[in-house]
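Trainee: Mind having a look at this structure? Questions to follow.
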């Protein structure tokens with residue numbers, strides 16, 4: 001069994017999720033999921049597609065509603081949909097999200113600068129926007145020349161940097177990264193992961209990393225939970241879980257990563273055995 | 001997705017495949033007609049209602065470049081000033097049906113649920129009434145004047161715009177950038193107005209350009225029947241009506257010219273609108 005959550009009231013936890021469940025018809029996409037994220041920490045949620053990790057992320061940021069369970073950010077529980085402007089803005093400053101596909105998560109008609117300005121105007125109407133935009137672009141490693149570009153003039157990596165800058169502009173406590181590097185080339189992936197590590201060290205924003213890629217988990221998370229069929233099957237510090245996995249599914253995930261001497265037939269057999277058992 | 005295709009009338013489909021020269025000619029015709037309408041008071045050689053009975057039914061001459069109608073009025077002057085009424089009417093139809101259609105379509109597509117059902121069913125109800133009949137009915141009740149038929153046709157054209165908008169909004173709201181803006185704390189209204197509507201606008205406006213041609217034809221038909229436009233106002237449909245008797249006397253020019261003007265303008269708006277929609281569809285949005 002996974003470790004039970006330590007409760008939202010405990011200091012040091014920026015995000016606490018308790019007993020989250022969500023069913024779509026007969027399918028229990030998320031089933032009694034609980035975890036906590038310590039302030040400035042980085043938690044990975046790993047699983048294959050269909051394991052419920054993306055639904056969990058969407059519930060945490062408020063794009064979906066849970067059937068039961070609670071999400072608490074900085075000790076403040078979120079119930080239902082946000083009502084009113086103040087509540088909406090407060091929630092946005094608690095949690096921001098970077099989406100999987102940087103080709104689709106930016107409005108194709110809007111320049112980088114206009115996108116950042118729109119966010120700043122909403123959250124910090126009295127700030128010097130031009131200076132802050134330059135700061136944000138610098139923080140994500142984009143030159144000021146990118147400011148006037150439309151998303152279609154940027155590469156995938158650059159677009160994902162813009163999406164990160166847009167999330168940072170709100171100055172959130174937690175950032176949810178939903179497969180945020182999955183759509184990028186391997187070399188660009190490494191750059192963006194390094195960037196994210198630097199940003200965490202500088203700002204102390206907590207990361208919730210949703211991914212199917214164990215390499216990503218290894219390089220950027222302190223702790224990890226493994227999800228299968230909507231349930232958490234294993235949780236713990238990343239290094240321990242990856243070095244000595246308890247659950248057969250975690251072992252299977254680890255063995256499924258292609259490497260020299262890798263035997264797909266054996267993995268398939270193990271997968272069938274796990275599904276049967 | 002058939003729902004996002006533009007709605008066109010039977011027979012106009014072939015225009016959709018228009019090649020480049022036809023498109024350029026159509027653009028020129030549209031520009032010419034609009035310029036004529038704007039500059040009519042300065043271009044017209046005579047007052048459109050100035051009667052010169054001595055020259056009635058005269059052919060083209062140096063005095064009257066396009067001849068004179070049965071009542072002795074200069075055809076060129078009436079064509080030029082007629083362009084104003086003939087374009088102003090459809091413009092009103094298109095402006096109202098586009099604005100209201102976008103509003104209805106966005107609300108239906110964005111909110112969904114019972115509101116969507118109510119709005120979609122009630123706009124489909126409008127489809128059941130032929131637009132012309134609705135216009136005839138309203139004009140019969142309200143009497144002369146351009147406003148009544150324009151409003152009637154605007155209501156009749158609204159479902160074309162709202163149905164297209166709704167289907168576009170349904171596709172657009174599922175795109176991640178909408179979710180991203182929601183997470184950023186923007187209100188639904190702000191996301192719709194600043195992001196969703198501008199992103200779907202080109203397709204909707206292309207439909208409206210096509211609708212412009214149809215509305216022009218319908219309004220010309222109404223004024224040919226003597227409905228809507230007051231008797232002395234120069235208008236192309238009305239000119240065709242006035243020219244009927246002249247045709248029987250062997251002087252077809254004063255009826256055929258406004259006919260030509262109507263056909264050319266309708267076809268030109270159709271080709272331009274279709275071409276515009278094609279370009280929008282082909283353009284890579286990323």
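The values are calculated or read from the model by the stated rules, or taken from the named source; none is laboratory data. Because the structure is predicted, anything quoted here is derived from the model rather than measured. As a convention, Cβ positions derive from the backbone with ideal geometry for all residues, glycine included, and neighbour counts pool all protein chains shown.
Trainee: Does residue A:152 satisfy the condition of being in contact with a strand residue (DSSP E or B) (Cβ under 7 Å, 6 or more places away or on another chain), surrounded by fewer than 20 Cβ atoms within 10 Å (Cβ to Cβ) and in contact (Cβ under 8 Å) with a residue 40 or more places away in the chain?
Mentor: Answer is no for this residue.
Trainee: Quick one: residue A:103 ticks every box in (1) within 10 Å of chain B (Cβ to nearest Cβ); (2) out of contact with any helix residue (DSSP H, G or I) (no Cβ under 6 Å at 6 or more places or on another chain); (3) modelled with pLDDT of 90 or more except a single one, so which number is it?
Mentor: (3)
Trainee: Then there's this: Out of everything in segment A:71-100 that is part of a loop (DSSP other than H, G, I, E, B), surrounded by fewer than 18 Cβ atoms within 10 Å (Cβ to Cβ) and touching a residue at least 40 places away in the same chain (Cβ under 8 Å), what residue ends up being nearest to the other protein chains (Cβ to nearest Cβ)?
Mentor: This residue is A:74.
Trainee: Name, by its number, the condition in (1) surrounded by fewer than 19 Cβ atoms within 10 Å (Cβ to Cβ); (2) in contact with a helix residue (DSSP H, G or I) (Cβ under 7 Å, 6 or more places away or on another chain); (3) under 30 Å from residue A:167 (Cα atoms) that does not hold for residue B:198.
Mentor: It is condition (2) that residue B:198 fails.
Trainee: Here is a follow-up. When only residues in segment A:106-128 that are more than 10 Å from chain B (Cβ to nearest Cβ) and crowded, with 23+ Cβ neighbours inside 10 Å count, which is farthest from residue A:59 (Cα to Cα)?
Mentor: The selected residue is A:112.
Trainee: If residue B:22 passes every condition in (1) out of contact with any strand residue (DSSP E or B) (no Cβ under 9 Å at 6 or more places or on another chain); (2) modelled with pLDDT under 80 but one, which one does it miss?
Mentor: (2)
Trainee: Here is a further query. Of the conditions (1) under 13 Å from the mean Cα position of the chain (by Cα); (2) more than 10 Å from every other protein chain (Cβ to nearest Cβ), residue A:48 fails just one. Which one is it?
Mentor: Status for residue A:48: all satisfied but (1).
Trainee: Among the residues of segment A:139-159, what is the count of those that are over 13 Å from residue A:111 (Cα atoms) and more than 22 Å from the chain's Cα centre (by Cα)?
Mentor: 1
Trainee: Looking only at helices (runs of 4 or more DSSP H) that lie completely in segment B:152-239, which have at least 3 residues being within 14 Å of another protein chain (Cβ to nearest Cβ) and either closer than 30 Å to residue B:139 by Cα or more than 26 Å from the chain's Cα centre (by Cα) (or both)?
Mentor: B:176-183, B:188-191
Trainee: Which of the residues belonging to segment B:240-257 are surrounded by 18 or more Cβ atoms within 10 Å (Cβ to Cβ) and either touching a residue at least 24 places away in the same chain (Cβ under 8 Å) or within 19 Å of residue B:139 (Cβ to Cβ) (or both)?
Mentor: Hits for segment B:240-257 are B:240, B:241, B:242, B:243, B:246, B:251, B:253, B:254, B:257.
Trainee: Moving to a separate point now. Within segment A:109-122, does at least one residue satisfy the condition of being out of contact with any helix residue (DSSP H, G or I) (no Cβ under 7 Å at 6 or more places or on another chain), assigned by TED's automatic domain parsing to the domain that holds residue A:161 and in contact (Cβ under 8 Å) with a residue 60 or more places away in the chain?
Mentor: No: zero hits.
Trainee: Yes or no: segment A:56-65 includes at least one residue that is modelled with pLDDT of 90 or more, more than 14 Å from chain B (Cβ to nearest Cβ) and either within 30 Å of residue A:229 (Cα to Cα) or surrounded by fewer than 17 Cβ atoms within 10 Å (Cβ to Cβ) (or both).
Mentor: Yes, segment A:56-65 contains at least one residue that is modelled with pLDDT of 90 or more, more than 14 Å from chain B (Cβ to nearest Cβ) and either within 30 Å of residue A:229 (Cα to Cα) or surrounded by fewer than 17 Cβ atoms within 10 Å (Cβ to Cβ) (or both).
Trainee: Let me ask another. Being more than 21 Å from residue A:49 (Cβ to Cβ) and either in a strand (DSSP E or B) or within 12 Å of chain B (Cβ to nearest Cβ) (or both) is the requirement here; does residue A:188 meet it?
Mentor: For residue A:188, the condition - more than 21 Å from residue A:49 (Cβ to Cβ) and either in a strand (DSSP E or B) or within 12 Å of chain B (Cβ to nearest Cβ) (or both) - is not met.
Trainee: Let me confirm something: among A:43, A:15, A:104, which residue is more than 19 Å from residue A:173 (Cβ to Cβ) and not in a helix (DSSP H, G or I)?
Mentor: Going through A:43, A:15, A:104 in turn, just one is more than 19 Å from residue A:173 (Cβ to Cβ) and not in a helix (DSSP H, G or I): A:104.
Trainee: Taking residue B:224 as the residue in question, decide whether it is modelled with pLDDT of 90 or more and within 30 Å of residue B:260 (Cβ to Cβ).
Mentor: It is false that residue B:224 is modelled with pLDDT of 90 or more and within 30 Å of residue B:260 (Cβ to Cβ).
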